[in-house]
Amino acid sequence: MSRLHMILLLAGLSAGAAHALDDVVTVRLEAQNNSGQNGVATLFPQGDKTRVVIEILNAPPGVAQPAHIHAGRCDKLDKAPKWPLEAVKGGRSVTLVPASIDAILKDKTAINIHKSAAEAQVYVACGNIIGLM
């Protein structure tokens, strides 16, 4: 079983939702536009910053896929990114976001991944960031 499948299994996530445990937030990234690119983003609080780790299945080899945190939800994203993330390369991205996890959870936000820099209008995966109620 792949590491990503194990994470999804252990997290027991529902589609597009997130789960917080000990202040770590896990977001299930759902494929969009028939990309087949599902995955997980994990947000780790680090004081006034947040480390965001993205792991995607079926990422195209050799393609950098832009990723961002946007205001809104996957079904209605604000077009302007709120926080840029490192591009997904080889199915993985790690970014230290200059905002606390509380600031990210304060408003409705989502993580969005684009097909490529040249085809940024095509979304391949998205997940809503939701903390525990």
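Would you be able to tell me the number of residues in segment 95-133 that are farther than 20 Å from ALA64 by Cα and β-branched (Val, Ile, Thr)? Full working, then the answer.
Going through segment 95-133, the residues farther than 20 Å from ALA64 by Cα turn out to be 98-109, 128-133.
Restricting the remaining residues to those that are β-branched (Val, Ile, Thr) gives 101, 104, 109, 129-130.
Number satisfying all stated conditions: 5.
Residues in segment 33-57 that are over 14 Å from the mean Cα position of the chain (by Cα) and of a type in the set (S, T, N, Q) were compared, and the one that is surrounded by the most Cβ atoms within 10 Å (Cβ to Cβ) is SER35. Restricting attention to segment 50-104, the residues that are over 17 Å from GLY131 (Cβ atoms) and basic (Lys, Arg) add up to 4. All conditions in (1) at pLDDT 95 or above; (2) more than 24 Å from LYS115 (Cβ to Cβ); (3) of a type in the set (Ser, Thr, Tyr) hold for SER14, with the sole exception of (1). Restricting attention to segment 45-58, the residues that are among the small types (Gly, Ala, Ser) and modelled with pLDDT of 95 or more add up to 0. Can you find even one residue in segment 122-133 that is closer than 15 Å to VAL24 by Cα, in contact with a helix residue (DSSP H, G or I) (Cβ under 8 Å, 6 or more places away or on another chain), outside any strand (DSSP E or B) and not β-branched (Val, Ile, Thr)? Within segment 122-133 (the criterion being closer than 15 Å to VAL24 by Cα, in contact with a helix residue (DSSP H, G or I) (Cβ under 8 Å, 6 or more places away or on another chain), outside any strand (DSSP E or B) and not β-branched (Val, Ile, Thr)), the answer is yes, since at least one residue qualifies. Only residues that are at pLDDT 95 or above and on the phi > 0 side of the Ramachandran plot were counted in segment 59-81, giving 1.
The values are calculated or read from the model by the stated rules, or taken from the named source; none is laboratory data. All figures in this text were calculated on a predicted structure; none of them were measured in a lab. Cβ: placed from backbone, ideal geometry, glycine included. Neighbour counts: every protein chain shown.
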